[in-house]
Every structure is written in structure tokens, then in C-alpha cells.
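Worksheet for the structure shown next.
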There are 2 protein chains.
Amino acid sequence: MNVTIIGAGNMGRGIGHRIVAGGHDVTVVDREPEEAQQLAEELRSAAQDGATVEASGPSTELRGEVVILAVYYPGNLELARDLGDRLAGKVVVDISNPLNQTFDALATAPGTSAAEEVATTTTGARVVKAFNTTFAPTLVEGQVAGQPLDVLIAGDDEEAKETVAQLARDGGLRAIDVGPLERARQLEGLGFLGITLQQPLGLNFQSAWKLIS
Amino acid sequence: MNVTIIGAGNMGRGIGHRIVAGGHDVTVVDREPEEAQQLAEELRSAAQDGATVEASGPSTELRGEVVILAVYYPGNLELARDLGDRLAGKVVVDISNPLNQTFDALATAPGTSAAEEVATTTTGARVVKAFNTTFAPTLVEGQVAGQPLDVLIAGDDEEAKETVAQLARDGGLRAIDVGPLERARQLEGLGFLGITLQQPLGLNFQSAWKLIS
């Protein structure tokens, strides 16, 4: 697959590592060309099975069928709005955790989610929520304490969800379909909960939520 | 400690097993005296370190400092209302997952939680949310796949939370303080998510959410 990652920050880096580990091609897009170049270089040296990695500025055409919005909330909403028609038909992955400025509450209105806001912001995009409960450092490794990360995936487009699940599995992760896009409300609640526990438990973003059985 | 468990159903049974395993005394209360007797007998034979177990009807005085409302939502609200002043000063544990009739959404209004509703229903009760993300069969064992269950605990009364954490730890579980009572919104979201995944993943309520690190 061809995957465009918009945002060359920590999460773009973490997810990028999993995608190239699975042998998929990546285009890294960032407003700062140097950041995009730097991450592309890192991912290129980690790539498996002939996966290619390119860097690109924000004004180019979006390559591939999957676009990952690897930016913070509410930047992801602005980004989705700015991209407009260029997202039509694409699998658009929202990874955001919509925290308020003091990181002690969700910034979204009760009864909705950032992923649903992305969906209403775009037209024709096949929005999927994923990777918001997996921290960047753990994505680089793909595991915590020897156990593969669980990637919890919500969306209304079954095929789009399966595409994201395939990317996760190919990168050595466990994909769990949690249902329709409105389940993003619970996923964002879980992401928020995980973030609030990092400091008190001294976890340093090296933790992961797992559904064990 | 003395712990009163109201509700001799599956969750009362699961939590009861952990509490007597930790050597704490339990009173089982149920509207059906036979149910209470039967569970008391089972717990008595599982009790450790001289823990005593009694059965009681609903009209008796509540024994001990901890009262666990082991009933379904919205029955827990009715129960809290009915108990009224008898809960004053007690550590009151709400374990509910407030699902709607079709089990595909939360029945609580957005921006609140069943635990917060219990708190507003009572006067002087020290309400703690706990045990809503741990399924009954896993509580009987205390573990899943060899890993101790995580008990996620929310509340505004630090001492009350520590009391519940102590009970969990004494029963061989891992207690995690997730913050103020309003975090019950996220815990109930997580409980809901876990319930919805049982059938599609074929888990049969033998799964558990863990924060691994």
C-alpha cells in the first residue's frame, strides 16, 4: 500500500516505523520540509521488504489510498478542512487525543469525538479512528514488555477499517475492530485516561492498553 | 475490614471472592435471602485468614465501612436512594456499566457517569468507582492469562479510594488510581467498550483491560 503521513512529529514517526516494517510505501508530509526529509531518511533505513519512503511538502497531491493525520487536535480539524476534496475517497486516519490546554479533560463537546468532527469536516473521506491509544515510543518498538500493541480501530466504512487493520497487522501489531466511528468517543476517553496516568505512575509513555484474554 | 456487598449476582460473587481471598469479612445482602445464603456459603469456603462471611436481608443495618453496590444500572441509583442515610460516611463502591437496553450505547447523559449520578443521589456517601472494567468470571480467578487484573479506581475522596485499592491489592489484584470521580466517564466508556467486544471476539467475558508497561 501507499500511505501518506501528514505530520513528521513523534506520532508520525512511531506509526511510520510500523508501516515501513510491514513493507508498505510511505510519503512523509510536513510544513517544515527539513522535518519531513529527516523522518523520511530515518524510515528509509528502517524499511523492510523494499518499502520506499519519500518526503514531500504540504501542497503536493496526496499519494496513495491511506492518509494519516498525525497532528494534534484541533490542528487535525484545520488540516482536514484545508485538504478538502483531496481527501475524497481516501482512508483518512484520525489519531488525535483531543485534550484541553491543561490536559485534565477532553476538549470535545460531550456526546461527540474528534474523529466524528473530522468526518463532518470532510466530504467523501473514509474516516477511521486508530492509533490514539498507542504512544509514540511504543510504536517505534511495536511492543511493550514483549507484547504486541493493541490498535483499537473504529469506523463506519468496513473496508477502510480493514485497510488500517492490515497495516497494523503487517507492522506486527494486533488490530481490534471496536465498531462504528462513534466508538471513537470511548477510544478518546481511553487515550485521555492513559495520558493522565503517565506522570502519576511514572510510565514515561512506555505503557500500553491491552485487552488480554 | 468489614465489607457489605449488596447483590448476590455474578459481580457480587466475583468481587466477594477477591475480598475474602484478602482475609476481609463480608456480609452478602440480597432481596432474595436464599441467594444471599448461597453466595455466603460459597465465599465462606473460599475465605482466607479467618475471614468471616454472613448473609443478610436488605432491611438490616449496613455492617462495616465499605458498601459495594453490586447491582445493575439503573438499579444502583434506586438502591442508593432507598438506602439514604444508611450510606452516610461509608465508602460506597459503584461498579455499574450503564448500558442501554440494546447494549450498543451508554444510557447516561453525555458529560456525566453512573458513578456521579450515585454521588448526587446520596448524601455523605464517599462514592468510589471501581470494578466496572473487570468481568465477573475473571474476578473469581483474580487473573487472566496469568496476569493479575487491573482495578481502575476513580473518586474524589482519597482515603476512600485507598480503602478500595487496599481491598483490591489484598485480593491479589493491581489497583490503579485514575483520578477524580468524573474519570468514571472514561471508565464507564472502557467498560462499555469491553462488553461490546466480547461477542465479536468470542471472549466470553474471560478478557481484561490491562495497562502494561
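Worth pointing out:
For (1) more than 23 Å from A:A208 (Cβ to Cβ); (2) modelled with pLDDT of 95 or more; (3) within 13 Å of another protein chain (Cβ to nearest Cβ); (4) open to solvent by less than 10 Å² (accessible area, probe 1.4 Å), each residue gets a yes or a no:
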{"position": "A:V93", "(1), (2), (3), (4)": "no, yes, no, yes"}
{"position": "A:F103", "(1), (2), (3), (4)": "no, no, yes, no"}
{"position": "A:T120", "(1), (2), (3), (4)": "yes, yes, no, no"}
{"position": "A:E141", "(1), (2), (3), (4)": "no, yes, yes, no"}
{"position": "A:A154", "(1), (2), (3), (4)": "no, yes, yes, yes"}
{"position": "A:L190", "(1), (2), (3), (4)": "no, yes, yes, yes"}
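- Filter result for A:N97 (open to solvent by 20 Å² or more (accessible area, probe 1.4 Å) and either among the polar types (S, T, N, Q) or under 15 Å from A:K129 (Cα atoms) (or both)): yes
- Pick from region B:61-77, criterion closer than 16 Å to B:A114 by Cα and assigned to a loop (DSSP other than H, G, I, E, B), ranking: most open to solvent (accessible area, probe 1.4 Å): B:Y72
Yes/no per residue for (1) of a type in the set (A, V, I, L, M); (2) within 25 Å of A:P110 (Cβ to Cβ); (3) touching a Lys or Arg at 6+ places or on another chain (Cβ under 7 Å); (4) touching a residue at least 40 places away in the same chain (Cβ under 8 Å):
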{"site": "A:Q147", "(1), (2), (3), (4)": "no, no, yes, yes"}
{"site": "A:D156", "(1), (2), (3), (4)": "no, yes, no, no"}
{"site": "A:E162", "(1), (2), (3), (4)": "no, no, no, no"}
{"site": "A:L167", "(1), (2), (3), (4)": "yes, no, no, yes"}
{"site": "A:G171", "(1), (2), (3), (4)": "no, no, yes, yes"}
{"site": "A:L181", "(1), (2), (3), (4)": "yes, yes, yes, yes"}
{"site": "A:L187", "(1), (2), (3), (4)": "yes, yes, yes, yes"}
{"site": "A:F192", "(1), (2), (3), (4)": "no, yes, no, yes"}
{"site": "A:L201", "(1), (2), (3), (4)": "yes, no, no, no"}
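- Screening A:F131 with (1) surrounded by fewer than 22 Cβ atoms within 10 Å (Cβ to Cβ); (2) at positive phi; (3) touching a residue at least 60 places away in the same chain (Cβ under 8 Å) gives one miss only, at (1).
- The single condition among (1) touching a strand residue (DSSP E or B) at 6+ places or on another chain (Cβ under 7 Å); (2) closer than 23 Å to B:A184 by Cα; (3) charged (D, E, K, R) that A:R169 does not satisfy is (2).
- Some residue of region A:157-169 being within 9 Å of another protein chain (Cβ to nearest Cβ), open to solvent by less than 10 Å² (accessible area, probe 1.4 Å) and over 11 Å from A:V128 (Cα atoms): no
- Output for region B:25-50, where each listed residue is more than 16 Å from B:V140 (Cβ to Cβ) and in contact (Cβ under 8 Å) with a residue 12 or more places away in the chain: B:D25, B:T27, B:V29, B:D30, B:R31, B:E32, B:P33, B:E35, B:A36, B:Q37, B:D49, B:G50
- Taken together, the criteria place A:K129 among residues that are under 17 Å from A:M11 (Cβ atoms), more than 10 Å from chain B (Cβ to nearest Cβ) and among the basic types (K, R).
- For region A:170-182, filtered to residues that are within 16 Å of the chain's Cα centre (by Cα) and within 21 Å of B:A208 (Cβ to Cβ), the residue that is farthest from the other protein chains (Cβ to nearest Cβ) is A:L173.
- Qualifying positions in region B:32-57 - on the phi < 0 side of the Ramachandran plot and open to solvent by 70 Å² or more (accessible area, probe 1.4 Å): B:E32, B:P33, B:E34, B:E35, B:Q37, B:Q38, B:E41, B:R44, B:S45, B:Q48, B:E54
- Residue within region B:166-178 that is hydrophobic (A, V, I, L, M, F, W, C) and more than 24 Å from B:G22 (Cβ to Cβ) present: no
- Against the criterion of being over 17 Å from B:I195 (Cα atoms), open to solvent by 10 Å² or more (accessible area, probe 1.4 Å), within 17 Å of the chain's Cα centre (by Cα) and at the interface with chain B (Cβ under 10 Å from one of its Cβ atoms), A:Q147 does not qualify.
- Looking across A:A109, A:A88, one residue alone is open to solvent by 30 Å² or more (accessible area, probe 1.4 Å), free of Cβ contacts under 8 Å to residues at least 12 places away in the same chain and of a type outside the set (K, R). It is A:A109.
- Residues located in region B:78-89, provided they are in a helix (DSSP H, G or I) and of a type outside the set (A, V, I, L, M, F, W, C): B:E78, B:R81, B:D82, B:G84, B:D85, B:R86
The values are calculated or read from the model by the stated rules, or taken from the named source; none is laboratory data. As the structure is a prediction and not an experimental result, all values here were calculated from the model. Heads up, the Cβs are rebuilt from the backbone with ideal geometry, glycines too, and the neighbour counts pull from every protein chain shown. Only protein heavy atoms, including side chains, enter the accessible area calculation; ligands, DNA and RNA are left aside. Shrake-Rupley method; radii C 1.70, N 1.55, O 1.52, S 1.80 Å.
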